[in-house]
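Here the structure comes first, spelled out in structure tokens, and everything after it is commentary.
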Amino acid sequence: MIKFIFIIFVNMSIYTDILRKYWGYSSFRPLQEDIIKSVADDKKDTLGLLPTGGGKSIIFQVPALSMDGVCIVITPLIALMKDQVENLKKRNIKAVAIYSGLTFQEMQAAFDSCTFGNTKFLYISPERLSTELFLERLKSINVNILAIDEAHCISQWGYDFRPSYLKIADVRKFLPNVPVLALTATATPQVADDIQDKLLFKEKNLFKKSFARKNLIYIVRHVVDKYSYLMKIVKNQPGTGVVYVRNRKKTREAAEFLQKNGVSADYFHAGLTQAYKDFRQQQWKDGKTRIICSTNAFGMGIDKPDVRFVAHLDIPDSLEAYFQEAGRGGRDEKTAYAILLYDENDIANLRRNITNSFPPKSYIKNIYNALGNYFQVPIGAAKGKAFEFKLGDFVERYNLNIMQCMGALKILQRNGYIETTEEVFVGSRVMFNINRDDLYKFQVANAKLDALIKTLLRGYTGLFGNYAEIDEQAIANNLKCSKDTIIDFLKKMASQKIISYIPQKKTPFLFFTEERLDEKNLIISPESYDLLKDRYTQQINAVIKYCVNNNKCRSRQLIEYFGETNTQNCGECDVCKSQKNKEIEGDVFEKIFDAVYKYIQNVPQNFNDIVYNLKFEPDEILTVLKNMIDDGIVKLNESGDYEIINVE
């Protein structure tokens, strides 16, 4: 009995010893060691749900170091892989990463180090899991844990679903006795269940930390002049900050606005070169740049503890995304602020995303027919056949909205009618390396290239200092010449350092996985359309409610969305700090908002009918309707009925 107790004591202390040896910490954060024991001691499939900044990487790194073999870590972002591999190497821990873009020799060397070289961590992107090389080399690797970071990406109900994550389950049959450790910062109860199902957990096993962040103060403001309000934030809140916007152009505009007002700022987005990204990220992390203005491309895996505020100038399309981005503030557990600024246009654009992502079924069928005509495929033909597919040319030829077209293509893919390579949605990229004055001089001296340069400047924005995706075929059509001629001109300018030109690495293809069907036989399944659209609509409405509900604590709204009950007011957010008497309780506001939205969504209704059918107090219903009108969700039509504003 004494010997047994001693063994348990040793097992319990080994993880703390590793933590102290490699990371210098004397103890774990809440839940970290519980999750480690579940996967390492009990060998159980385990899902850890810890908000941003909860120390997720340590949870798989510590137990892997306590065991023989290699921990395979699946993560979607190359930058995150590189960052974690470098951090491990700095601690004298051997780690390698495998992702698209490496040469065959580089991948072989990485696998060899796992088989023969005492490497402890193999980071790999999900799309590499089904390759013959990986599956063959996996046989010779002693795997101790299969760790999945950003595990919410496997769920179609999540906010960032990635089909490549579904390949993870197939790998499990090659590792029958290896426990899975899935980690994520954001998942509703429905998503948490779906993650465990998709990863083939032998039994449900969830460890969940509260989403409450007591040091993070949430503020929402309805403002028209967002830049003026941003300056108020910057002046009143000292320290480092992040400003999130929705598109690349706005990142530069926001940074330049701050710079003109004497604030140290820079911008960041996925279209920058890797060198630019690394430099700007490091400048911000080192405190040389105070504020970074970015799309959601910035922040994943960035562990800067002293971020004092995170401001959103545009509304994210899910509370999961907002919670994760806002959660990058205050990781040192000192007071930080998460400020969201919005106006009526933001809400209209958010609702418009629903139509873009889920266009009408008739539109989807029209896109399918257009594809058949575009490739000259007769009914009953082309099963298994691949066609080179330039999305830009297709959209231009049929005068289509590119966002709705992309939404339709993805739905057709979910239903098994087509497959597209990722290159369909990622074209060639161009960026000017010289300023406008020097470019003008170049145009004067190179008359043959003048028309091409003018076409680039007119057709694409932000080309000075930023990459923009271009379509060589569309440019060629515009200039009435061949695509090869345009490519030759672009290469010539690149060789003279006038532009940076990154041609599309692979030819984009579209495959017909079934023979072309007549329109009446094209079935869009409820699982791929109706259910997902309902879920996405719920996500959008949850964000809108968070913005317009000025009667309920912001923190409570967020953590209740993630399934927590018995919540308490934070006492610090804009709602809690408001001194005005509340006209209606926050919980009641949410119930009425949902009921009113559903009741008038399809058919406008007058006030008396709304009151009669919904059974809430008339004054309370009127208060909610006024809020919905003020925020551009509802209007009174000519008949005096309340109706949802159409943003399609």
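Computed quantities for the displayed model
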{"item": "Estimated inter-spin distance, L479 and I523, nm [label 7 Å along Cα→Cβ]", "result": "4.9"}
{"item": "Amide proton proximity set for T240, modelled H, under 5 Å, gap of 5+", "result": "R308"}
{"item": "Solvent accessible area, Å² - W157, 1.4 Å probe, full protein context", "result": "60"}
{"item": "Chain lengthening between E396 and D630 when straightened (0.36 nm per residue, less Cα-Cα)", "result": "80.5 nm"}
{"item": "Relative contact order (%) - the chain, alpha-carbon pairs under 8 angstrom, separation at least six", "result": "12"}
{"item": "Among the listed pairs K410/K626; K44/K167; K21/K43; K232/K533, those beyond 28 Å (Cα-Cα)", "result": "K410/K626; K232/K533"}
{"item": "Length added when fully stretched, M403-N366, from 0.36 nm per residue minus Cα-Cα", "result": "11.8 nm"}
{"item": "Karplus-derived 3J(HN,Hα), 6.51/-1.76/1.60, for each residue of segment 304-314, Hz, glycine and proline x", "result": "9, x, 9, 6, 8, 7, 10, 10, 10, 8, 10"}
{"item": "Lysines whose Cα lies under 23 Å from that of K480, excluding same-chain neighbours fewer than 8 positions away", "result": "K390, K448, K454, K491, K492"}
{"item": "Gained length - Y229 relative to V588, 0.36 nm times residue gap less alpha-carbon distance", "result": "126.2 nm"}
{"item": "Estimated distance in nm for a label pair at E344 and Q496, the labels positioned 7 Å out from Cα along Cα-to-Cβ", "result": "5.1"}
{"item": "Formal net charge of residues neighbouring Y398 (Cβ-Cβ distance under 15 Å; K, R +1; D, E -1)", "result": "0"}
{"item": "Helix-only mean residue ellipticity at 222 nm for the chain, each DSSP H run of n ≥ 4 adding -39500 (n - 2.57), per residue, nearest 500", "result": "-13500 deg cm²/dmol"}
{"item": "Prolate/oblate/rounded label for segment 223-296 (Cα gyration tensor, a/c 1.5)", "result": "oblate"}
{"item": "Backbone HN-Hα couplings from phi across segment 607-622 [Karplus 6.51/-1.76/1.60, Hz, Gly and Pro as x]", "result": "4, 4, 5, 4, 4, 5, 8, 9, 6, 9, 5, x, 5, 5, 4, 5"}
{"item": "Amide H contacts of F389 (H built 1.01 Å from N, under 5 Å, at least 5 apart or other chain)", "result": "F509, L510"}
{"item": "Solvent-accessible area, 1.4 Å probe, carbon plus sulfur percent, for the chain", "result": "49"}
{"item": "Long-range amide H partners of H312 with built H, under 5 Å", "result": "Y244, I339, L340, L341"}
{"item": "Approximate spin-label separation A275-K448, in nm, with each point projected 7 Å along Cα-to-Cβ", "result": "2.8"}
{"item": "Cα-based reach from K226 at 20 Å (exclusive), listing aspartates and glutamates while leaving out same-chain residues under 8 positions away", "result": "E253, E256, D266, D314, D317, E325, D343, E344, D346, D574, D630, D631"}
{"item": "Dipole of segment 498-648, positive end: most advanced residue of Y612, C576, G640 [Cβ charges, Cα centre]", "result": "C576"}
{"item": "Dipole magnitude of the chain, debye to nearest 20 (Cβ charges: Lys/Arg +1, Asp/Glu -1, about Cα centre)", "result": "1960"}
{"item": "Unsatisfied cross-links (Cα-Cα over 20 Å) in the set K82/K304; K82/K285; K250/K577; K552/K635", "result": "K250/K577; K552/K635"}
{"item": "At R0 = 51 Å, FRET efficiency that the Cβ-Cβ distance of R436 and F387 yields, to 0.05", "result": "0.80"}
{"item": "Derived scalar couplings ³J(HN,Hα) [segment 520-529; Karplus, 6.51 cos²θ - 1.76 cosθ + 1.60; whole Hz; x for Gly, Pro]", "result": "5, 9, 7, 10, 9, 5, x, 5, 8, 10"}
{"item": "Cα-based reach from K37 at 17 Å (exclusive), listing aspartates and glutamates while leaving out same-chain residues under 8 positions away", "result": "D17, D45, D68, E203"}
{"item": "Option label - Cα Rg over 2.2 N^0.38 Å computed here, alternatives [x] 1.11; [y] 1.43; [z] 1.04", "result": "[z]"}
{"item": "The chain, accessible area per residue, ligands and nucleic acids excluded (1.4 Å, Å²)", "result": "47"}
{"item": "Residue-count net charge about I315 - beta-carbon cut-off 9 Å; Lys, Arg +1, Asp, Glu -1", "result": "-2"}
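The values are calculated or read from the model by the stated rules, or taken from the named source; none is laboratory data. All values derive from a computational prediction rather than experimental measurement. A quick note on method: Cβ atoms are made from the backbone with ideal geometry, for glycine too, and the neighbour counts reach across all protein chains shown. Surface areas here come from the heavy atoms of the whole protein model, side chains and all, with no ligands, DNA or RNA. Shrake-Rupley method; radii C 1.70, N 1.55, O 1.52, S 1.80 Å.
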